[in-house]
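Below you'll find the structure, written out as structure tokens, and then a few comments.
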Amino acid sequence: MVEFANVMGMEKQFIHLRTHSRFSVGASTLTIKKIPALCLGAGMGACALTDTNLMSGCAEFSDVMPKNKVQPIIGIEISLNQHNADPKILRSESLSKIVLLAQNHDGYLNLCDLNKIMYMRTENHHLGPYISFDELEQNAAGLICLSGAHTGPI
């Protein structure tokens, strides 16, 4: 969530930076087509889509939002393995959650790469999809990281 005021003296505007759609099974039933109306009704000029460990709704979100005069922000809530222990002995509950937002085109491409890394992993399937700090570091350009959730690493 972000509050910002234009330097020219415009009113502050609230922006959701952690919105889940129906693609985040168990977290939301919200369809992407309903998001613009909710944003406009709340006076939001932008909104971030951050589904859990996937980017399946990003194409539809990027298409629907501008048509309704709402700026789309592409992101993902991603599982992070911040431990030095062997992943074979970890449990999925030990993973942290962070939100990554694309700041620019490079950031979007890095989100896609991280998403691919999670699902192309050939070992430690008991943890589900996740990334490591090293993988995040290698693909960090153009990304903004939010880590303040109750399951975050901080």
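The values are calculated or read from the model by the stated rules, or taken from the named source; none is laboratory data. Bear in mind the structure is a predicted one, so any value in this text is a computation, not a measurement. Cβ placement follows ideal geometry from the backbone for every residue including glycine, while neighbour counts extend to all protein chains displayed. Note: accessible area is taken over every heavy atom of the protein model, side chains too, but ligands, DNA and RNA are not part of it. Shrake-Rupley method; radii C 1.70, N 1.55, O 1.52, S 1.80 Å.
Worth a mention:
- Using the alpha-carbon positions of the chain, Rg (one decimal) and Dmax (whole number) come out as 16.3, 54 Å.
- Percent accessible area from carbon and sulfur atoms, segment 1-152, protein chains only, probe 1.4 Å: 55
- With a Förster radius of 35 Å applied to the C-beta separation of residue 83 and residue 116, the computed FRET efficiency comes to 0.95.
- Exposed loop sites are taken as trypsin sites (Lys or Arg not before Pro) in a DSSP loop (any state but H, G, I, E or B) with at most 12 other beta carbon atoms within 10 Å; the longest stretch of the chain without one runs 92-154.
- For segment 9-59, the alpha-carbon radius of gyration amounts to 1.21 times the rule-of-thumb value 2.2 N^0.38 Å expected for a compact globular protein.
- By the rule of a C-alpha distance below 21 Å, with chain neighbours fewer than 8 residues away ignored, the lysines paired with residue 97 are 88, 116.
- One decimal place: the segment residue 67-residue 109 gains 12.8 nm when fully extended, by the rule 0.36 nm per residue minus the C-alpha distance.
- Distance-filtered residues of segment 59-90 - backbone nitrogen under 11 Å, label point 7 angstrom along residue 123 Cα→Cβ: 86-89
- Per residue accessible area of segment 81-137, 1.4 Å probe, in Å²: 60
- Whichever lysines have a C-alpha closer than 22 Å to that of residue 34, once near sequence neighbours (fewer than 8 apart) are set aside: 67, 69
- Helix 105-120 vs. the chain, principal-axis angle (Cα, 0 to 90°, nearest 10): 40
- Residue-level accessible surface for residue 29, protein heavy atoms, 1.4 Å, Å²: 130
- The chain: most fluctuating residue of 48, 141, 37 per GNM, C-alpha cutoff 10 Å: 37
- Highest-MSF residue in the chain out of 17, 54, 40 [GNM, Cα springs under 10 Å]: 40
- Spatial offset of segment 95-114 relative to segment 132-154 amounts to 8 Å, using the alpha carbon center of each.
- Computed from Cα atoms, the angle from the helix 58-67 axis to the main principal axis of the chain rounds to 10 degrees.
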